[in-house]
1. Check region 249-269 and report whether any residue there is within 16 Å of ligand 2 (Cβ to nearest atom), touching a residue at least 24 places away in the same chain (Cβ under 8 Å) and out of contact with any strand residue (DSSP E or B) (no Cβ under 8 Å at 6 or more places or on another chain).
2. How many residues, within region 174-199, are under 16 Å from LYS291 (Cβ atoms), touching a residue at least 24 places away in the same chain (Cβ under 8 Å) and of a type in the set (Lys, Arg)?
3. Please verify whether ALA170 is within 16 Å of ligand 2 (Cβ to nearest atom) and in the same structural domain as ALA243 (by TED's automatic domain parsing), treating the condition exactly as stated.
4. Of LEU258, LEU302, which residue is under 29 Å from VAL105 (Cβ atoms), away from ligand 1 (no atom under 16 Å from the Cβ) and assigned by TED's automatic domain parsing to the domain that holds VAL105?
5. Residue check: is LEU124 away from ligand 2 (no atom under 16 Å from the Cβ) and either hydrophobic (A, V, I, L, M, F, W, C) or over 19 Å from LEU217 (Cα atoms) (or both)?
6. Can you name every residue in region 134-165 that is within 15 Å of ligand 1 (Cβ to nearest atom), in a helix (DSSP H, G or I) and not aromatic (Phe, Trp, Tyr)?
7. I'd like to check something: does region 308-324 contain any residue that is assigned to a strand (DSSP E or B), among the aromatic types (Phe, Trp, Tyr) and within 16 Å of ligand 1 (Cβ to nearest atom)?
8. How do the strands (runs of 3 or more DSSP E) wholly within region 331-430 filter down when requiring 1 or more residues that are basic (Lys, Arg): which remain?
Amino acid sequence: MDQELEPVVGNINIKKRTITKKTPNQARGGSNSVNNLSFSTRYTNSFSNSTIPSSFIKRPANIRRQIKRSRWNLVYLIRRINWLHTTIILFLPIVGSIVSLLFQVPITENTLRFTIFYYFLTSLCVTSGYHRLWAHRSFEATKVLSLIYAVFGAATGLGSIKKWVARHRAHHRYTDTERDPHNARRSLIYSHMGWMIFKPNLKISSSITELLKSDDLSNDAIINWQEQNYIILFVLTSMIIPAAVAGYFWNDYKGGLLYSGIIRCMLNQQTSFTGNSLCHYVGTQPYDDKKTPRNNWFLTFLTFGEGFQNFHHNFPNDYRIGIHWYEFDLTRFQIEILYKIGLIKSIKKNTNDAINQCIIQQNQKILDRHRAKLNWGVPIKELPIISENEFKRLVKTSSRALLIISGVVHDVTPIINTHPGGSQLVRASIGKDATTAFEGGVYAHSNAAHNLLATMRVAIIYGFHIQNPSNQLKIATIRNSPSATAGAA
Ligand SMILES: [Zn+2]
Ligand SMILES: [Zn+2]
């Protein structure tokens with residue numbers, strides 16, 4: 001084999017020398033010498049040098065094109081499917097729905113009541129237990145409550161606590177980036193279910209793997225117990241218990257399995273997914289609009305209070321997600337009741353100051369955006385500085401109506417004939433300091449008048465604004481400048 005490799009390796013060395021002489025752009029794939037290298041020679045090169053991983057060797061452009069095309073192949077898509085997740089979140093509900101329609105399994109009153117109760121119980125185990133207790137540690141629960149959350153949280157088919165928490169922490173840490181497991185910027189469908197159906201890419205899986213090693217997850221006995229017995233718990237709580245309860249108490253095994261088990265499980269999943277998808281697409285952003293999370297008052301009814309994602313992403317360790325009395329956060333109400341009866345030991349919440357700071361900052365940002373769209377005149381800092389003598393010379397020599405207000409020279413020519421107080425007053429102030437008259441000596445002008453005046457400013461009088469820090473720098477610069485004495489008009 002060595003004999004076969006030798007000439008090839010020698011050939012590659014020659015090629016490598018050729019590549020190093022090319023520009024980086026040519027070496028990226030435009031160069032013929034690169035394209036001429038066969039895949040086998042490159043593979044042989046990496047094989048011959050154990051210090052260079054094969055993944056570091058760049059594939060020729062034709063191979064890259066083939067791989068790109070193959071990504072859209074059915075075979076490639078099928079290979080990317082996570083079959084366990086797909087079975088639980090897609091096939092099982094579809095089969096359940098077909099069976100209930102095909103065999104016309106009726107839903108009895110007792111089964112309906114039990115399905116609603118079981119849906120609320122299992123959903124709260126995820127929103128309260130998986131999410132606010134384990135992912136964010138926003139409260140401290142007793143062992144009994146933690147155990148209930150762990151057992152019945154498994155009935156939703158959303159995965160074990162450990163994996164769910166690691167994925168969710170990755171979502172918070174890397175929101176909207178390619179490391180976010182359900183990155184809303186990829187698409188609505190992807191952030192809803194696509195991320196569960198397809199295997200995560202390397203960046204996402206490495207961020208999740210890193211978070212799976214968190215001490216609080218590894219050292220929690222209930223989390224570890226649930227992780228080891230997850231599949232058994234899932235089958236038991238999502239199918240066997242609902243069927244057994246409905247069958248034993250009112251002889252409806254089929255209805256219990258289909259409606260309280262499979263269909264209820266699908267509703268758990270869809271409402272949970274909605275928090276990751278639609279709540280990052282539709283709604284308001286009163287706390288921060290840098291990322292996609294939004295507050296949605298309607299979706300919060302469906303998601304047991306998880307619809308206020310904009311608040312939650314800013315204050316993830318707060319046990320509340322809806323903070324006002326009119327924001328329906330069922331999980332919060334449940335936590336408060338359990339806190340009162342002693343099943344929850346302590347709860348965490350942020351101060352009103354911290355919350356209001358974010359609201360004010362966001363409002364300010366919106367105001368600034370609106371402000372930036374309007375004409376506020378040339379900023380004071382950008383105006384040229386002229387001396388009083390220069391101003392007087394300009395008044396005499398130019399045809400413009402120039403006057404001074406608060407140390408700033410204004411060209412009021414456009415309003416001289418339309419001034420509401422009469423043109424006489426304006427004409428009388430030309431070439432003078434009209435500050436007193438403008439600021440109340442004659443008439444205290446409105447905001448609108450101040451704004452209009454700002455659009456007419458043309459220069460600053462040297463020395464007038466020495467007390468204004470924003471102008472000190474410019475004046476100091478002019479003092480040091482050899483051309484300062486000549487004025488800056
Ligand atoms: Zn989110
Ligand atoms: Zn969260």
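The values are calculated or read from the model by the stated rules, or taken from the named source; none is laboratory data. Because the structure is a prediction, the values reported are computed rather than measured. A quick note on method: Cβ atoms are made from the backbone with ideal geometry, for glycine too, and the neighbour counts reach across all protein chains shown.
1. Quick first cut of region 249-269, residues within 16 Å of ligand 2 (Cβ to nearest atom) only: none.
Checking region 249-269: not a single residue is within 16 Å of ligand 2 (Cβ to nearest atom), touching a residue at least 24 places away in the same chain (Cβ under 8 Å) and out of contact with any strand residue (DSSP E or B) (no Cβ under 8 Å at 6 or more places or on another chain).
2. Qualifying residue count, region 174-199: 2.
3. Numbers: within 16 Å of ligand 2 (Cβ to nearest atom): yes; in the same structural domain as ALA243 (by TED's automatic domain parsing): yes.
For ALA170, the condition - within 16 Å of ligand 2 (Cβ to nearest atom) and in the same structural domain as ALA243 (by TED's automatic domain parsing) - is met.
4. Answer to the selection: LEU258.
5. Values: away from ligand 2 (no atom under 16 Å from the Cβ): no; either hydrophobic (A, V, I, L, M, F, W, C) or over 19 Å from LEU217 (Cα atoms) (or both): yes.
In short, no.
6. Residues satisfying the conditions are ALA135, VAL165.
7. The initial filter retains those residues of region 308-324 that are assigned to a strand (DSSP E or B), namely 308.
So of that shortlist, the ones also among the aromatic types (Phe, Trp, Tyr) come out as 308.
Next, from what is left, pick out any that are within 16 Å of ligand 1 (Cβ to nearest atom): 308.
Yes; the residues of region 308-324 include at least one that is assigned to a strand (DSSP E or B), among the aromatic types (Phe, Trp, Tyr) and within 16 Å of ligand 1 (Cβ to nearest atom).
8. Working: elements: 344-347, 402-405, 408-411.
Result: 344-347.
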